1. Straight distance only, please: which lysines reach the Cα of LYS443 with their own Cα at less than 27 Å, same-chain residues fewer than 8 apart left out?
2. Ranking request for peptides 558-564, 37-43: highest mean number of other beta-carbon atoms within 10 Å first, then the rest in descending order.
3. Could you tell me which of rounded, prolate or oblate describes region 503-633, using a ≥ b ≥ c as the square roots of the eigenvalues of the alpha-carbon gyration tensor, with rounded for a/c under 1.5 and, failing that, prolate when a/b is larger than b/c and oblate otherwise?
4. Over the Cα atoms of the chain, what Rg and Dmax result, in angstrom?
5. Which of rounded, prolate or oblate describes region 237-307 when judged by the alpha-carbon gyration tensor and an a/c cut-off of 1.5?
6. Give the order of VAL345, VAL549 when sorted by the count of other beta carbons within 10 angstrom, beginning with the fewest.
7. Enumerate the calculated ³J(HN,Hα) couplings along region 151-164 in order (Karplus 6.51 cos²θ - 1.76 cosθ + 1.60, θ = phi - 60°), each rounded to whole Hz, writing x wherever the residue is Gly or Pro.
8. Tell me, what are the semi-axes, in whole angstrom and largest first, of the equivalent ellipsoid of region 416-617 as set by the roots of 5 times the Cα gyration tensor eigenvalues?
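No value in this document is a laboratory result; all are computed from the given coordinates. Keep in mind that this is a model prediction, so the values were computed, not measured. Note that we place each Cβ from the backbone using ideal geometry, even for glycine, and neighbour counts take in every protein chain shown.
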Amino acid sequence: MQSESKTVNLRAALLVGTAIFLLTLESLGLFADVTTPIERLEYSIRDVFMRLRGVEEPTGEIVIVAIDDQSFNWTGLQWPWPRSYLAEIAGQINKGGGRVIGVDIFLFEPDESQPENDSLFAEALGDAPAAATVMQILRDSDSGFVTESRLLPLPIYQDALDGFGITGIRRDDDAVVRSVSAFNTFQGEVYPHWAFEIARLYLNVEGPAFTDAGVRFNGRSIALQSGALPISFLGPAGSYPTFSASDVHDGIALEQDPDAFRDKIVLIGATSITLQDIYPTPFSARNPTPGVEIVANAVDTILNGKYITHAPPWASLLAILGAALLAYLITLSKRPSLTISLMVVGALAYWGAALALFVGQRYVLPVAAPEGMLFLGVVLPTLEQAVSQEREKRRVRNLFSRFISPQMVDQMMRTRDINSLNKRADLTIIFSDIRGFTTLSEKLPPEDVVSLLNPYLEAMSQVIYKHGGTVDKYEGDAIIAFFGEPVPYKDHAARAVRASLDMRKALANLRDQWAKEGRPSQIEMGVGVNSGEVFVGLLGSEQRINYTVIGDNANLAARLQDLTKTYAWPILVSESTYQQIKDEFDAELADAVTVKGKTKAVNVYKVIGRKGAPESEKLQAWTGSQVKPTHEG
């Protein structure tokens, strides 16, 4: 319960931390001069939504007269063109019945070639039902002082035109144009974007009224984004009907289509890349859109009320908190596949809802932060859970590595539920003990006892591991081990007897080594082996745990080990073990003995050796030189 509580608390801490981080980023994004990574992601997502919406057909209200490469090649003129040439273009538009002429050309300076050309162009614009052009408001920060200036069309054009406005195009931090500046101020006077002026003239309505909340135009309230008007682009560059300026000047455009300009807004502007009035847009990052066509999209947005509305800041904060709650509920699942599936379904559902709102209502929901919250809110606790599980596996691995071989640990670790290790199982248990060790330890200093005991326990344990056994525990010089769990073996009895014989060989090697070192070497060991059903599993507390066996059959193995002193024989096995090993080992009945804890006598067998083994490898009874009969453990 304590471990589960810690896991829940850590999961909640990760969710809260992620939510606070994303909420902080969203709050920073409210400052106009700060662009967060979340905002940049939102830009890209909005572009994706616009492309998924697809290209829309123009309504036929706007056409473009392009100052393009074809016109430069055809006329041989250099920029800026003579205003007389532009006047003839405007005359053709008037002839074709254009309703509003929009001139996306700076008219701040007189014609360089012939000043009288300005009067011709102004006259042509004055003959139009309505005409508008651009102005600029410039601000310069130098030495801590801000100076501002206003560039207006020449007076001759101001008299002829019906309106003019600013021409600000907004580039976001990724250099993509998604909006235009809705207005600007100069000495307290507000100037709208000239797209509003063109729409005003076309609709014959009052100009826009700007408030703190946005702008009101043609009876509608329009929400702005930091003073900018988001544009609902029709599509990539070339979405509007476009005529080459030279074709319009020469009358070719009207010859091909007499109604090309009739009752329409006609925008005159540069499309040639050499004039550097081109910008990346959501539809055309690699194929930039001319500035005049961006204005056409802005005018179209205003005329047809295709305003893009962004959710208020509180909606983003609420979406993040909702995603955090959903992530928490998802992480309650203990099945990784279900957790991932729910996360993907939740993310796709929100994405689909945001896309549907954008396509159907042009309403922009925050996507990056809520989706990021959902993803991180699921992935981080899941990773934490995986790390915790790996840490638990290492703890269990280290625990079991003290008792069984690393190979056995690897097989055991494949068990997903560690509680499944607690069971009743048919095993073979061995008890081994050094004869006379208590008397020996009384004669030696403690450090000498340890220097003898540690190599002995290490050597015996390695033999047990070699045969697939599990070391249960050490009790002084005694070793308790069992075979058949956690990795089950059908021949667990034979493995136990093989290990017992090899333990004696390992002891012989140790005795030879100790004799060469001049240390006590007259040491013997007795081993009792019994097979039967016992309880095997993890026992202990949270702080200390042991993988052990409990049961009457484990006790019988201990009694058999005690009887090795009585019968002066190194390895004794029970009837149940004998029946399982008799085909591989030679053994003979020692006696039928009533041991402590038993009411009926049990048969006890002396293990002699492997069948067919040479005489030198067969076990012999202990002699007086090897062990002094005693009742010590």
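1. LYS473, LYS505, LYS516, LYS565, LYS628
2. Values: 558-564: 22.3, 37-43: 16.7.
Packing order, densest peptide first, comes out as 558-564, 37-43.
3. Numbers: a/c = 1.71, a/b = 1.22, b/c = 1.40.
Oblate, because a/c is 1.5 or more while a/b does not exceed b/c.
4. 46.3, 138
5. It comes out oblate by the Cα gyration axes.
6. On the way: VAL345 11, VAL549 23.
Ranking VAL345, VAL549 by Cβ neighbours within 10 Å, fewest first, gives VAL345, VAL549.
7. 10, 10, x, 4, x, 4, 7, 4, 5, 8, 7, 9, x, 8
8. 26, 22, 17
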